[in-house]
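Asks: One structure, pasted below without further comment.
The values are calculated or read from the model by the stated rules, or taken from the named source; none is laboratory data. Being a predicted model, the structure only gives us computed values, none of them experimental. Glycine also receives a Cβ, built like all others from the backbone with ideal geometry; neighbour counts cover every protein chain displayed. Calculation scope for accessible area: heavy atoms of the full protein, side chains included, ligands and nucleic acids excluded. Shrake-Rupley method; radii C 1.70, N 1.55, O 1.52, S 1.80 Å.
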Amino acid sequence: MLDNIIVEKGIIKNHLGIERDGDFIKPIRFTKKQFAAYSLTEPLAVRSRCMAGICLDMITDSDFVRFDYVVKGIVRNWIYFDVFLNDVFVESIGSDQVDEGEYTFEYRVESKAKEKNQKNRITIYLPYNIDLSMGNFRLAENAFISGIKPYDKTLLCLGDSITQGMDARHPSCIYPVLLSRFLKMELLNQGVGGYVFNSDSLDENFSLKPDIITVAYGTNDWSKCSSPEEFRHNCRDYMEKLVSLFPDIDIYVMTPFWREDLNEMRDAGSFYDLSDTIKDVCRAYPKVVVLDGLELIPHLPAYFGDKWVHPSDEGFKDIALNFLAKTRL
């Protein structure tokens, strides 16, 4: 059965594991302990089950790729699958409206790449904003299929909705995916919309050994913390645990990105105070580098999908490019 071959050959990438969901399969981004931390509310739970950063990556001589999928949860009401043919972004397949239910995905290879027995690399990024399961994979009869050799290094991205990908239209344009492609690294995107600095989301038995970690929290803490002291405690508690779990790993912490209402005052203090606290907490850790989020994206609503806080595709590209320029990775 082709579904088993897809799993066995490692065609599904950038995940922590694959579970069975009836007759279908479901890639996951978190451990059971992490899922428990996100299960406190349904909005967090459905976000944690989304496919952010996960892709299918294969070599095949088939002139099409087809599979069925079931939409079980929706975070943003659009759905797009981004297709790369031989590392070139060639098509985005989907719709601006989606409902829960069963659908079929199909990509047909461009005519110039259909020569007999020609093998192509086909990469399909799954929607970051949809909880789905997949199955019934189909290729042309007797088609060749092989996985792609994994990159030697892995990037782990931790954060909130911006790390998850809101509000990009294209799942391949979110900054964790862009960084992983630029740096030629495997990816695990553990962004969860609405989340904050909370050490409960870190699993002491985490099996993945990343080479680089990025962290981007704070914008939700600004609304949810009742005082500057509470925010400092949460930030320090999280960073202390993260560094203890990954003592030899380079960690890049991004302070909150520009948002349209950043000049307001909240119980946690000013937006700028929040960023200063993150910088101050991180000074205690030699392996932690702090990047000022205000320097990573233009301060213009046009670079935000919601004109307020969540970047557009263009805004995400700026974050990735400025991150690379400042870190010189």
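Asks: Of all the accessible heavy-atom surface of region 182-319, with the other protein chains kept in place and a 1.4 Å probe, what percent is carbon and sulfur?
Replies: Carbon and sulfur together cover 49 percent of it.
Asks: Sorted from largest down, give the three principal axis spans of the alpha carbons of region 1-40, whole angstrom values.
Replies: Result, largest extent first: 37, 22, 9 Å.
Asks: Oh, and also: Considering only protein heavy atoms, what per residue accessible area in square angstrom results for the chain with a 1.4 angstrom probe?
Replies: Result: 43 Å² per residue.
Asks: Could you tell me whether region 184-232 comes out rounded, prolate or oblate from its Cα gyration tensor? Rule is a ≥ b ≥ c as square roots of the eigenvalues, rounded for a/c under 1.5, then prolate if a/b exceeds b/c, otherwise oblate.
Replies: Cα axes put region 184-232 in the prolate bin.
Asks: Short version: ³J(HN,Hα) in whole Hz for each residue of region 99-108, in order, from phi by Karplus 6.51 cos²θ - 1.76 cosθ + 1.60 (θ = phi - 60°), x for Gly and Pro, what are they?
Replies: 10, 5, x, 9, 9, 10, 9, 9, 10, 10
Asks: Name the residues whose placed amide hydrogens come within less than 5 Å of the amide hydrogen of Glu91, ignoring near sequence neighbours (fewer than 5 apart) on the same chain.
Replies: Sorted by chain and number, the residues that satisfy this are Val83.
Asks: Further, regarding this structure: Check each of the GluC sites (Glu not before Pro) in region 97-164 and keep only those in coil by DSSP with at most 16 other C-beta atoms within 10 angstrom; list them in order.
Replies: Listed in order of number, the matching sites are Glu100, Glu110, Glu115, Glu141.
Asks: Let me ask you something else. Just to confirm the number: angle between the C-alpha axis of helix 271-282 and the first principal axis of the chain, 0 to 90 degrees, nearest 10?
Replies: Its long axis makes an angle of about 80 degrees.
Asks: Still on this model: Per residue, how much space in cubic angstrom lies within the convex hull of the C-alpha atoms of region 90-169?
Replies: About 157 Å³ per residue, rounded to a whole number.
Asks: What residues qualify as long-range amide H neighbours of Tyr151, i.e. H under 5 Å apart, gap of 5 or more or another chain, H built at 1.01 Å from N?
Replies: Glu186
Asks: Report, in degrees rounded to the nearest 10, the 0 to 90 angle that the Cα long axis of helix 313-327 makes with the longest principal axis of the chain.
Replies: 70 degrees
Asks: Taking all pairs of distinct Cα atoms, average 1/r, flip it, and tell me the Kirkwood hydrodynamic radius of region 118-244 in Å to one decimal place.
Replies: After inverting the mean inverse Cα-Cα distance, the result is 17.0 Å.
Asks: Turning to a different aspect of this structure: Suppose we keep just the DSSP beta bridges with both residues in the chain; what percent of those would be antiparallel, to 5?
Replies: So the antiparallel bridges in the chain amount to around 70 percent.
Asks: Tell me, what is a quarter of the convex hull surface for the C-alpha atoms of region 219-284, in nm² with one decimal?
Replies: Convex hull of Cα atoms, orientation-averaged projection: 4.4 nm².
Asks: If you don't mind, another one. Once the cut-off is 17 Å, how many percent of the Cα-Cα pairs in region 1-119 end up in the long-distance tail?
Replies: Taking all Cα-Cα pairs of region 1-119, the fraction more than 17 Å apart is 64 percent.
Asks: Rounded to two decimals, what is Rg over Rh for the chain when you use alpha-carbon atoms and the Kirkwood radius?
Replies: Reported Rg/Rh (Cα atoms, Kirkwood Rh): 0.97.
Asks: Moving to a separate point now. Quick one: 3J(HN,Hα) in Hz for region 168-173, Karplus 6.51/-1.76/1.60 with θ = phi - 60°, rounded, Gly and Pro as x.
Replies: 5, 7, 9, x, 7, 9
Asks: Along each of the three principal axes of the Cα atoms of region 212-329, give the extent in whole Å, ordering the values from largest to smallest.
Replies: 39, 37, 17
Asks: If you don't mind, there's one more thing I want to ask. What are the ³J(HN,Hα) couplings of region 232-240, residue after residue, when phi is run through the Karplus curve with 6.51, -1.76, 1.60 and θ = phi - 60°? Round to Hz, x for glycine and proline.
Replies: The phi angles translate into 4, 4, 5, 5, 5, 4, 5, 5, 4 Hz.
Asks: Let me ask something additional. Got a number for the accessible area of Arg138? Probe 1.4 Å, square angstrom, nearest 10.
Replies: 80 Å²
Asks: Run the reach check for Lys149 against aspartates and glutamates, Cα to Cα strictly under 12 Å, same-chain hits fewer than 8 apart removed. What comes back?
Replies: Reachable aspartates and glutamates: Asp57, Glu186.
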